[in-house]
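Everything below concerns the one structure shown next.
Read-outs throughout are calculated quantities, based only on the coordinates presented, and are distinct from any laboratory measurement. These numbers come from a predicted model, not from an experiment. Heads up, the Cβs are rebuilt from the backbone with ideal geometry, glycines too, and the neighbour counts pull from every protein chain shown.
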Amino acid sequence: MRGCLTLVVVLGVLLLMFPKATEQVRDVLVKPPEPVVLKNASEEDKLYQMVRAATFKIERDVSDGVVVGTGFFINQDGYALTAYHVVEFRNQVTVVLPNLRRYTADVVGFDNTTDLALLKVRINKATFLPLAPKHPNVGDSILAVGNSGGDFLKRRVGKVIDLNVAASRADFPPGTLEMRAPIAPGDSGGPVANAKGEIVGVVSYIRVYDDQSTTAYAVPMNQEQKILSELMAGTKRDVPVLGVRSSFHASDFDHGVRVGSVEKGSPAEKAGLRAEREETVRLQDGSSERVLKADYILAVDGAPVNTFDELIGVVRRKSIGDVVKLQVERDGKRLILPVQLGARATVFTE
């Protein structure tokens with residue numbers, strides 16, 4: 001402690017006497033580590049084969065087809081990680097290994113907030129990837145493996161461009177790794193490995209810009225992350241919801257959040273919130289016409305909301321079981337509706 005204090009005093013004196021020299025000393029002290037990069041195609045091929053061997057395709061049947069995602073083994077006992085949104089609403093999914101063999105995987109634990117899920121694949125012994133001892137650095141090479149675009153366990157090579165990135169939407173995980181890599185839907189849940197073949201993240205989502213360029217985001221995963229031990233213990237951490245969906249007729253000119261549909265049996269329905277509906281309206285000339293009407297959520301516990309994303313954000317700062325007061329506008333009248341928030345996985349089915 002005394003040595004650290006002496007160094008601070010010395011730097012302070014240098015700053016007053018030799019400002020340029022002090023800048024050089026400061027640059028040395030805070031200089032970021034050199035990026036760890038893949039040096040050639042041979043290294044990349046070797047890394048790809050290593051990562052691919054521990055990765056699998058996930059198939060989840062839905063009403064209009066099959067949802068495809070990716071997952072990977074983290075130990076030889078068959079425990080594996082993926083993105084929670086890939087296996088959401090399911091206790092079991094089917095996985096396809098590189099040798100094309102199909103296995104059943106059970107959802108052991110999940111955390112909706114961080115978009116992580118732990119699976120237990122019913123396999124005797126699995127090829128797995130070790131977790132990195134710590135997070136990567138900006139500029140480090142990364143290699144992901146995924147199943148987007150009809151591919152089967154193909155490589156996606158890129159680099160880390162930022163750390164601890166804020167979520168761009170209320171229902172996206174915070175604190176992610178930002179990557180420049182050709183990742184797309186179908187790659188979600190896949191491994192993000194460093195140049196040593198160690199796991200540094202789990203692919204979560206992509207962001208598409210106006211010029212159609214994209215950046216990809218991964219939930220950090222390494223030996224420093226405590227969430228893994230919680231998932232191993234069977235933690236299933238959901239998020240609170242009202243049970244409403246956004247309206248296709250919503251507009252920037254709406255005053256509040258236009259409610260599209262209300263899930264049957266949901267907290268919103270029990271509280272009396274109404275979905276969009278056609279009603280017959282009588283006009284002044286005596287004729288009538290069909291008009292599309294909707295409820296508008298203006299505020300939650302006094303906090304104003306103007307977009308569906310804002311509504312999700314306010315609700316997610318609450319807890320499952322909390323009772324919130326919705327300020328609602330219906331047919332020009334203001335209503336206050338108390339709603340007890342439910343867990344997303346029990347309110348929605350898809």
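Key figures
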quantity: Helix axis angle, 19-30 relative to the chain longest principal axis, alpha carbon, degrees; calculated: 80
quantity: Cβ-based exposure ranking for 85, 249, in which fewest neighbours within 10 Å come first; calculated: 249, 85
quantity: Mean projected area in nm² (Cα convex hull; one quarter of hull surface) for region 252-302; calculated: 5.1
quantity: Rg/Rh for the chain, where both radii come from Cα atoms and Rh is the Kirkwood radius; calculated: 1.09
quantity: Three semi-axes of the equivalent ellipsoid, region 33-237, Cα gyration tensor, whole Å, largest first; calculated: 23, 19, 17
quantity: Residues 179, 221, sorted so that the one with the fewest Cβ neighbours within 10 Å comes first; calculated: 221, 179
quantity: Rg/Rh for region 240-347, where both radii come from Cα atoms and Rh is the Kirkwood radius; calculated: 1.01
quantity: GNM flexibility winner over the chain from 41, 181, 117 (Cα, springs under 10 Å); calculated: 41
quantity: Inter-centroid distance (Cα atoms) of region 248-298 relative to region 162-228, Å; calculated: 37
quantity: Order of 140, 171 under a 10 Å beta carbon neighbour criterion, fewest first; calculated: 171, 140
